[in-house]
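Written out below as structure tokens is the structure these notes cover.
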Amino acid sequence: MATLYRLTADVVVIVHFAFVAFVVFGLLLTLIGGVRRWEWVRRLRFRLIHLAAIGLVVIESLCGITCPLTVWEQRLRNLAGDVTYRGDFITTWVHDLLFFDAEPWVFTIVYCSFGAAVALSWIFVPPQRSPVAPR
């Protein structure tokens, strides 16, 4: 059973990394796409999902809530009997990229600043509704 918990914890780390990558690279691609006139970066659905993703992180940070994915991973590792973080190369690498030591207020400032940058991208690269397909 410990192997199943450990494997599930590894999957949670990878999903967590994918979420962070979406938030970070979503803004980067939006800004680049605005300059290069990529239509897909202006799609309202993409932009709303992206804004909601960073908005969730900002709210969690301001409220002092630990990310549920972090809590879930730690619980699964505890159930697996892991005292410290263990995993294969990829999950160790992903984990080390996501988690580093700093005071909580540092993360709150970073998350709020990034959230403000995403909000400002709505001004500099405004989203557009997709045109309605002809019938």
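The values are calculated or read from the model by the stated rules, or taken from the named source; none is laboratory data. If you're wondering where the values come from, they're calculated on a predicted model, not measured in any experiment. Don't worry about glycine lacking a Cβ; one is built from the backbone with ideal geometry, like all the others, and counts go over all protein chains shown.
Name, by its number, the condition in (1) touching a helix residue (DSSP H, G or I) at 6+ places or on another chain (Cβ under 9 Å); (2) exposed (fewer than 12 other Cβ atoms within 10 Å of the Cβ); (3) at pLDDT below 90; (4) among the acidic types (Asp, Glu) that does not hold for ASP96.
Condition not satisfied by ASP96: (1).
Identify, please: which residue in segment 33-54 is closer than 24 Å to VAL94 by Cβ and of a type in the set (A, V, I, L, M) and is, among those, surrounded by the fewest Cβ atoms within 10 Å (Cβ to Cβ)?
Result: ALA52.
Considering only residues that are assigned to a helix (DSSP H, G or I), of a type in the set (A, V, I, L, M) and surrounded by fewer than 17 Cβ atoms within 10 Å (Cβ to Cβ), which ones fall in segment 1-19?
ALA2, LEU4, LEU7, VAL11, ILE14, VAL15, ALA18
Mind telling me which of the residues THR108, THR91 ends up being modelled with pLDDT under 95 and within 30 Å of ARG6 (Cβ to Cβ)?
Selected residue: THR91, the only one of THR108, THR91 that is modelled with pLDDT under 95 and within 30 Å of ARG6 (Cβ to Cβ).
Tell me, yes or no, whether segment 109-116 has at least one residue that is more than 30 Å from ARG129 (Cβ to Cβ) and either of a type in the set (A, V, I, L, M, F, W, C) or surrounded by fewer than 16 Cβ atoms within 10 Å (Cβ to Cβ) (or both).
Yes; the residues of segment 109-116 include at least one that is more than 30 Å from ARG129 (Cβ to Cβ) and either of a type in the set (A, V, I, L, M, F, W, C) or surrounded by fewer than 16 Cβ atoms within 10 Å (Cβ to Cβ) (or both).
Looking for something assigned to a helix (DSSP H, G or I), out of contact with any helix residue (DSSP H, G or I) (no Cβ under 8 Å at 6 or more places or on another chain), closer than 21 Å to ALA117 by Cα and in contact (Cβ under 8 Å) with a residue 60 or more places away in the chain - is there at least one such residue anywhere in segment 25-32?
So far as segment 25-32 goes, no, none of its residues is assigned to a helix (DSSP H, G or I), out of contact with any helix residue (DSSP H, G or I) (no Cβ under 8 Å at 6 or more places or on another chain), closer than 21 Å to ALA117 by Cα and in contact (Cβ under 8 Å) with a residue 60 or more places away in the chain.
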